[in-house]
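Undergrad: I'd like to ask some things about the structure below.
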Amino acid sequence: MRRVVAATSCVAAVAAGSLLAGCSSSQGTSATSAATPGQPVPASAIHRLTAIADRIVKFNGGAAPVWVSVAVTTHAKALTSATPGDTTAGNEDVVVYLITMKGHFVDDHATGPPGASAPTGSYLSAVLDARTFQSMDFGLSHRRPPVAPSSFGPVTYLKVTSGART
């Protein structure tokens, strides 16, 4: 299984963090209801998560995804789906939003060997701190996540309208 983890790419991580931070309506805090692992995504977070997912899509090729789901879980559990094999250092229990998308994605911002093609994938995962909405992890693969996001609790499907590169 080929998995591209852009978290190892400083450029992609910084750019993704900048995109996500651009969606913030306050200085790193959220006015939304508290997210609880295993519970539905708070209704107050859906608009913001949709805007973030839309920016992620635009940043990774711009093609409208087939679907976008989000679940509330812990950072450690989210990694088993988004970036299998990764571990957390002291923030295993941080509450996160796990965004998972199916579509066609191209990470033109990932670094790699000179002349290498940009990583592509059919499944994109993003892990966001549920309190701050800041990016924590990012995964891109041609295979569906080995752990289904629905195994962490109810998933909410977002309507993302991206379809053209900006």
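Undergrad: Need the full-extension length gain, residue 76 to residue 104, defined as separation in residues times 0.36 nm minus the C-alpha distance. One decimal, nm.
TA: 7.5 nm
Undergrad: Please give the length that would be gained between residue 151 and residue 87 if that part of the chain were fully extended, namely 0.36 nm times their separation in residues minus their C-alpha to C-alpha distance (nm, one decimal).
TA: Extending this stretch completely gives an extra 21.2 nm.
Undergrad: May I pose another question? Under 17 Å Cα-Cα from residue 159, which lysines qualify once same-chain neighbours fewer than 8 residues away are excluded?
TA: By straight Cα distance, residue 159 reaches 58, 102.
Undergrad: State whether region 113-166 is rounded, prolate or oblate according to the following rule on the C-alpha gyration tensor (a ≥ b ≥ c being the square roots of its eigenvalues): a/c under 1.5 gives rounded; otherwise a/b larger than b/c gives prolate, and the remaining case gives oblate.
TA: Judged from the Cα gyration tensor, region 113-166 comes out prolate (a/c at least 1.5, a/b above b/c).
Undergrad: Continuing with the same structure: I want to check the label-to-label distance for residue 44 and residue 131. Put each point 7 Å from Cα in the C-beta direction and report it in nm to one decimal.
TA: Each label point is offset 7 Å from its Cα along the Cβ direction, giving 1.6 nm.
Undergrad: Still on this structure, please answer the following. What full-extension length gain, to one decimal in nm, is calculated for residue 159 and residue 116 as 0.36 nm per residue of separation minus the Cα-Cα distance? Intermediate results must be reported in sequence, preceding the final value.
TA: Working: separation 43, 0.36 × 43 = 15.48 nm, distance 3.28 nm.
Working it through step by step, the gained length comes to 12.2 nm.
Undergrad: Among the trypsin sites (Lys or Arg not before Pro) in region 101-166, which ones are in a DSSP loop with at most 13 other Cβ atoms within 10 Å of the Cβ? Mind listing them?
TA: Values: sites: 102, 131, 143, 159, 165; in loops: 131, 143, 159, 165.
Filter output for region 101-166: 143, 159, 165.
Undergrad: If you take the square roots of the eigenvalues of the alpha-carbon gyration tensor of region 38-166 and sort them as a ≥ b ≥ c, do you get rounded (a/c under 1.5), prolate (a/b over b/c) or oblate?
TA: Oblate.
Undergrad: Continuing with this model, one more query. Once you charge only the Cβ atoms, +1 for Lys and Arg and -1 for Asp and Glu, what is the size of the charge dipole of region 44-166 about its Cα centre, to the nearest 20 debye?
TA: 420 debye
Readers should treat all values here as calculations from the given coordinates under stated rules, not as data from a laboratory. The model shown is predicted, which means the values in this text are computed figures rather than measured ones. Cβ coordinates were reconstructed from backbone atoms using ideal geometry, including for glycine residues, and neighbour counts include every protein chain displayed.
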